[in-house]
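Everything below concerns the one structure shown next.
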Number of protein chains: 2
Amino acid sequence: MSFADSLFDAVKRKNSCLCVGLDPRPENFPKEFSRDAEGIVGFNKEVIGLVKGLVSIVKPQSAFYEAFGPRGATAFQETVAYAKKNGLLVLVDAKRGDIGSTAKAYAKAFFETYGVDALTVSPYLGLDGVKPFLEYCGEDKGVFILVKTSNPSSSDLQDLESQGRKVYEIMGSLVNEWGKEYVGESCFSSVGAVVGATYPKEAEALRKIMPANFFLVPGLGAQGGTAEDVKPAFNRGGTGAIVNSSRGITQCFSPDDSEWRVKVVEAAKKSVKDLNGMRFG
Amino acid sequence: MSFADSLFDAVKRKNSCLCVGLDPRPENFPKEFSRDAEGIVGFNKEVIGLVKGLVSIVKPQSAFYEAFGPRGATAFQETVAYAKKNGLLVLVDAKRGDIGSTAKAYAKAFFETYGVDALTVSPYLGLDGVKPFLEYCGEDKGVFILVKTSNPSSSDLQDLESQGRKVYEIMGSLVNEWGKEYVGESCFSSVGAVVGATYPKEAEALRKIMPANFFLVPGLGAQGGTAEDVKPAFNRGGTGAIVNSSRGITQCFSPDDSEWRVKVVEAAKKSVKDLNGMRFG
């Protein structure tokens, strides 16, 4: 089954478009976990166990594992394996992008060595930096290409105007074009786009440009996006997007709070409920 | 000493602007090395030993290590340490770029955990995705921001025209601006730019836009760039750029060639000579 179809089905089955970000910041872990790579695995496993019934997909952010060197790479590998064993799809946020022969090595690293289901990709190098990742979309893998990111200075490059259109709109058209070959039975392509929760107007324009592309919407919670802000990322049926929350779920407590497990579950449940209210309201 | 000053001095002292790319493709290693992470370290150490008198800087490409998972991360770490022990500067080609809090984790990973001297950075997210890397440029670290990359479809995004200028020219102006704070005694900034050898005309325009920024010029050899093609990346004094060759040095032989060491040294010497002829000719 294609990645887009797997994701579509999982979102429907679990009635949840929430994606939980696994961005380990050990200094914020509950005090029973060590502040190292082993603590990362222990905490992630607990979080996965707590949220696996509530979400379809988790998103480890590669940077927070890389910061711990080779042991961080092992922690990343174990996290991916544990999430998959628990029936979750795994989307890695790594924003890779390079010339063709190098992009091929990145695709091999994530899709083969680590066995993730999907990856975020940066489009600064254009099609031949993206193509090696697309080739895996014909199998069961997916990509989310950066189009309009959630950060304040995303405007520096992405909002430049060219031939009457913004760069993010031009990128949206390219992503739509690149994804056409990889549309599954769900009518969605395994080539998706990253569209930040902090830019609802831009998301509205991009939804029209990319009707058949899944959106990964980061920026809910800590970055300021609300459930209402992400509405334009969805189509009228309330499908076509997943919404990521990291700090809002995995850091919603203080390190010495013994009730942290309950709080994680409550935060995830609340996000799912808010998002469903918005999607189907 | 700032990164730019260290690099400037090393290029002058060794009379060499060549950067050797350490992009391990084990299938092409001499037959005495194993086709795994251990083979990578063994081969890299030999190459470093062979070229250390001929170059100032080496550039491991992160993707080729990541493809080997956690053991690849260890191979990367050992390669960086060995190059530094041998007096070389280490520039990692990783093209990272993310929102501020995540970019900070990447900067920590490369500059602190692995201890590299410089890193390539992707600018798709704008200033706040670059800033956490810039902060290390006030110490002894450097960055090279993607401006005009060497691959054929770099035109997809980088050649779009906005307000009468190409996107790569606009990026060049931003890099120049971002780098002003980090200009050292050499009159070069530790904030540099990636400008592909395959686009000499674009390099000429960018040299004027970024007079005080070091250029990292990839694309010599296997990608089609010649010593003459990279001339516009240098200023009139023949300084301000380093030129990378990967496959042309580390894959200039067949795996069963017992004379491979001699060929690596000859290939590096020839590149240095050709580049010096062009720089000072």
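The values are calculated or read from the model by the stated rules, or taken from the named source; none is laboratory data. Because the structure is a prediction, the values reported are computed rather than measured. Counting neighbours? That spans all protein chains shown, and the Cβs are built from the backbone with ideal geometry, glycine included.
Things worth noting here:
- Scope the range B:52-66; condition of a type in the set (A, V, I, L, M, F, W, C) and touching a Cys at 6+ places or on another chain (Cβ under 8 Å); matching residues: B:55, B:57, B:58
- The range B:209-234, subset in a loop (DSSP other than H, G, I, E, B) and not small (Gly, Ala, Ser), residue farthest from residue B:149 (Cα to Cα): B:211
- Meets criteria (touching a residue at least 24 places away in the same chain (Cβ under 8 Å), in contact with a helix residue (DSSP H, G or I) (Cβ under 7 Å, 6 or more places away or on another chain) and within 30 Å of residue B:79 (Cα to Cα)) for residue A:68: yes
- Scanning the range B:77-109 for residues that are facing chain A (nearest Cβ under 7 Å) and farther than 28 Å from residue A:158 by Cα yields one hit, B:77.
- Considered as a group, the residues in the range B:152-174 that are free of Cβ contacts under 8 Å to residues at least 40 places away in the same chain and among the hydrophobic types (A, V, I, L, M, F, W, C) include one that is nearest to residue B:240 (Cα to Cα), and that residue is B:170.
- Exactly one residue out of B:240, B:224 is at positive phi, surrounded by fewer than 19 Cβ atoms within 10 Å (Cβ to Cβ), under 19 Å from the mean Cα position of the chain (by Cα) and free of Cβ contacts under 8 Å to residues at least 60 places away in the same chain: that is B:224.
- Test: residue in the range B:55-66 that is within 14 Å of chain A (Cβ to nearest Cβ), more than 22 Å from residue B:221 (Cβ to Cβ) and at pLDDT 95 or above: yes
Every residue, every condition in (1) touching a Gly at 6+ places or on another chain (Cβ under 7 Å); (2) modelled with pLDDT under 95; (3) of a type in the set (Gly, Ala, Ser); (4) closer than 27 Å to residue A:45 by Cα, yes or no:
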| residue | (1), (2), (3), (4) |
| --- | --- |
| A:195 | no, no, no, no |
| A:206 | yes, no, no, no |
| A:220 | yes, yes, no, yes |
| A:236 | no, yes, no, no |
| A:255 | no, no, no, yes |
| A:258 | no, no, yes, yes |
| A:269 | no, no, no, yes |
| A:274 | no, no, no, yes |
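Conditions tested, residue by residue: (1) under 25 Å from residue A:223 (Cβ atoms); (2) more than 7 Å from chain B (Cβ to nearest Cβ); (3) surrounded by fewer than 21 Cβ atoms within 10 Å (Cβ to Cβ).
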position	(1), (2), (3)
A:111	no, yes, no
A:119	yes, yes, no
A:135	no, yes, yes
A:142	yes, yes, no
A:148	yes, yes, no
A:152	yes, no, yes
A:155	yes, no, yes
A:172	yes, yes, no
A:179	no, yes, no
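- Residues in the range B:74-105 that are within 30 Å of residue A:150 (Cα to Cα) and under 19 Å from the mean Cα position of the chain (by Cα): B:91, B:92, B:93, B:94, B:95, B:96, B:97.
- Selection from the range A:100-138 of residues that are over 17 Å from residue A:178 (Cα atoms) and among the β-branched types (Val, Ile, Thr): A:102, A:113, A:116
- Pair list, Cβ < 9 Å and 6+ apart or interchain, from the range A:180-199 residues that are without any contact (Cβ under 8 Å) to a residue 40 or more places away in the chain to residues that are crowded, with 24+ Cβ neighbours inside 10 Å: A:180/A:189; A:180/A:191; A:187/A:4
- Residues of the range A:115-129 that are within 20 Å of residue B:23 (Cβ to Cβ), out of contact with any strand residue (DSSP E or B) (no Cβ under 6 Å at 6 or more places or on another chain) and not charged (D, E, K, R): A:125, A:129.
- Any hit, the range A:185-198, residues being surrounded by 15 or more Cβ atoms within 10 Å (Cβ to Cβ), in a helix (DSSP H, G or I) and in contact with a strand residue (DSSP E or B) (Cβ under 9 Å, 6 or more places away or on another chain): no
- On inspection, residue A:167 qualifies as among the aliphatic types (A, V, I, L, M) and under 25 Å from residue B:165 (Cα atoms).
- Condition met for residue B:74 (free of Cβ contacts under 8 Å to residues at least 24 places away in the same chain and within 10 Å of chain A (Cβ to nearest Cβ)): no
- Scanning the range B:202-251 for residues that are touching a helix residue (DSSP H, G or I) at 6+ places or on another chain (Cβ under 7 Å) and basic (Lys, Arg) yields B:207, B:231.
- Exactly one residue out of B:124, B:136, B:114, B:82 is farther than 21 Å from residue B:192 by Cα and among the hydroxyl-bearing types (Ser, Thr, Tyr), and it is B:82.
- Residue B:245 touching a residue at least 40 places away in the same chain (Cβ under 8 Å) and among the hydroxyl-bearing types (Ser, Thr, Tyr): yes
- Strands (runs of 3 or more DSSP E) within the range B:1-116 that include 1 or more residues of a type in the set (A, V, I, L, M, F, W, C) and more than 21 Å from residue B:275 (Cβ to Cβ): B:89-96
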